[in-house]
Amino acid sequence: MERTLEKQKMSAVLGQTIKTGIIKSNLVPMFAGLTLAIYTYDIDPSEKVLDTLFALIGSFLVIGAAGTFNNIYDRDIDAIMERTKGRPTVTGEINIQSALWLGILMAVLGIVALAFTTPLAAVLGFLGLFFYVVPYTMLTKRRTIYNTEVGSISGAMPPLIGWAAMTGTLEHPAIAALFIIQVIWQMPHFYAIAIRRHDEYKAARIPMLPVVKGVRRTYIQTNVYLVLLSLTSFLFLPLSLGLTLVALLMNVGWLVLSIYGYKKNKDSEKWAKLLFIYSLIHMTILFSTVIVYSLVGIFILK
């Protein structure tokens with residue numbers, strides 16, 4: 001019994017260190033890019049079984065490495081914020097040197113696994129890791145209100161990795177659509193989190209947009225990004241009218257909710273909660289639709 005509890009505790013510590021929740025949420029868009037590439041280029045899926053496996057393993061490891069390095073570097077500010085003060089790198093449940101070696105090992109193995117698919121997938125995996133750790137975590141997160149924009153580049157790499165793992169190229173407007181949509185999606189999503197955690201970010205001196213510029217400026221900037229997000233829906237048009245309409249419906253719905261919710265709710269936290277919940281629904285529906293559309297095209301319509 002004690003041994004079982006110890007294993008469960010170690011598993012929980014490891015999961016918090018590598019941020020398994022973020023890994024899972026990023027594997028969905030990666031798989032969307034992967035399946036859409038197979039469908040778009042009429043690739044025989046039976047020839048890509050190993051590549052698919054390596055893409056999943058590689059993405060898991062690279063994203064986990066990024067989360068580990070972020071936990072190590074941010075442990076001082078994580079100790080101040082309520083939602084992060086229980087992380088193992090803060091509480092000491094994991095030794096920092098051990099966490100560092102864990103991150104390095106995952107990074108190396110992840111990039112190698114992606115290289116077994118295509119060199120481009122490995123390069124994109126490295127770039128995603130680099131942008132998250134250096135330009136975002138180390139250089140901009142604590143210095144500028146544009147930290148979210150910088151971090152969005154690494155956050156939008158998964159669909160590119162999945163696509164590149166199957167094709168070795170990024171020459172199609174469909175993958176541009178997935179990338180741009182995920183870049184823009186992150187702004188209203190993280191703005192909503194920043195409003196809800198305003199006091200924590202302020203205490204940790206992290207210059208999130210609502211902390212520095214206020215809710216009104218955040219509302220305006222959110223809507224600007226949601227208008228741009230709506231326009232990106234048409235990038236799907238060369239591939240599928242159905243995907244275009246689903247993306248347009250979800251994106252415009254988000255914009256309407258933002259405007260209506262802000263006017264109706266005097267409490268900015270309630271407005272932010274609405275946007276946060278919708279952002280999760282938006283991402284789940286959109287990328288699930290892409291995956292289902294691709295799989296139907298691959299296994300049923302062909």
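The values are calculated or read from the model by the stated rules, or taken from the named source; none is laboratory data. Please read all numbers here as calculations on a predicted model, not as lab measurements. Positions of Cβ are backbone-derived with ideal geometry, glycine not excepted, and every protein chain shown enters the neighbour counts. Note: accessible area is taken over every heavy atom of the protein model, side chains too, but ligands, DNA and RNA are not part of it. Shrake-Rupley method; radii C 1.70, N 1.55, O 1.52, S 1.80 Å.
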Ordering 203-210, 259-266, 60-67 by per-residue average of other C-beta atoms within 10 angstrom, highest first, gives 60-67, 203-210, 259-266
Just the number please: accessible area per residue for the chain, 1.4 Å probe, all protein chains included, in Å².
47
Calculated from DSSP H runs of 4 or more alone, at -39500 (n - 2.57) each and per residue, what is the 222 nm mean residue ellipticity of the chain, nearest 500?
-25500 deg cm²/dmol
In segment 87-191, what chymotrypsin sites (Phe, Trp or Tyr not before Pro) fall in a loop by DSSP, with at most 10 other Cβ atoms inside 10 Å?
none
Measuring from the lowest to the highest alpha carbon on each principal axis, how far does segment 99-189 reach, largest first, in angstroms?
37, 37, 16
Per the C-alpha gyration tensor (a ≥ b ≥ c, the square roots of its eigenvalues), segment 237-291 is rounded if a/c is under 1.5, else prolate if a/b beats b/c, else oblate; here it's oblate
How large, in percent, is the carbon and sulfur part of the accessible surface of the chain at a probe radius of 1.4 Å?
67
Going down the list 19/213; 24/264; 213/263; 213/266; 19/270, which pairs span over 22 Å between their C-alpha atoms?
19/213; 24/264; 19/270
What number results when the radius of gyration of segment 24-146, computed over Cα atoms, is divided by 2.2 N^0.38 Å?
1.21
Using alpha carbon centroids, what distance separates segment 217-232 and segment 104-159, in Å?
25
Value of Rg to Rh for segment 129-174 (Rh from inverse mean 1/r over Cα pairs, i.e. Kirkwood):
1.12
Taking the Cα centre of the chain as the origin and placing charges on Cβ (Lys, Arg +1; Asp, Glu -1), which of 210, 102, 223 is farthest toward the positive end of the dipole?
210
Using a ≥ b ≥ c from the Cα gyration tensor of segment 134-272 (square roots of the eigenvalues), is it rounded, prolate or oblate, where a/c under 1.5 gives rounded and otherwise the larger of a/b and b/c decides, a/b for prolate?
oblate
Each residue of segment 142-152 in turn: what ³J(HN,Hα) in whole Hz from Karplus with 6.51, -1.76, 1.60 and θ = phi - 60°, glycine and Pro shown as x?
9, 10, 9, 5, 8, 4, 5, 4, 5, x, 5
Hydrodynamic radius by Kirkwood for the chain, inverse mean 1/r across distinct Cα pairs, in Å, is 20.1
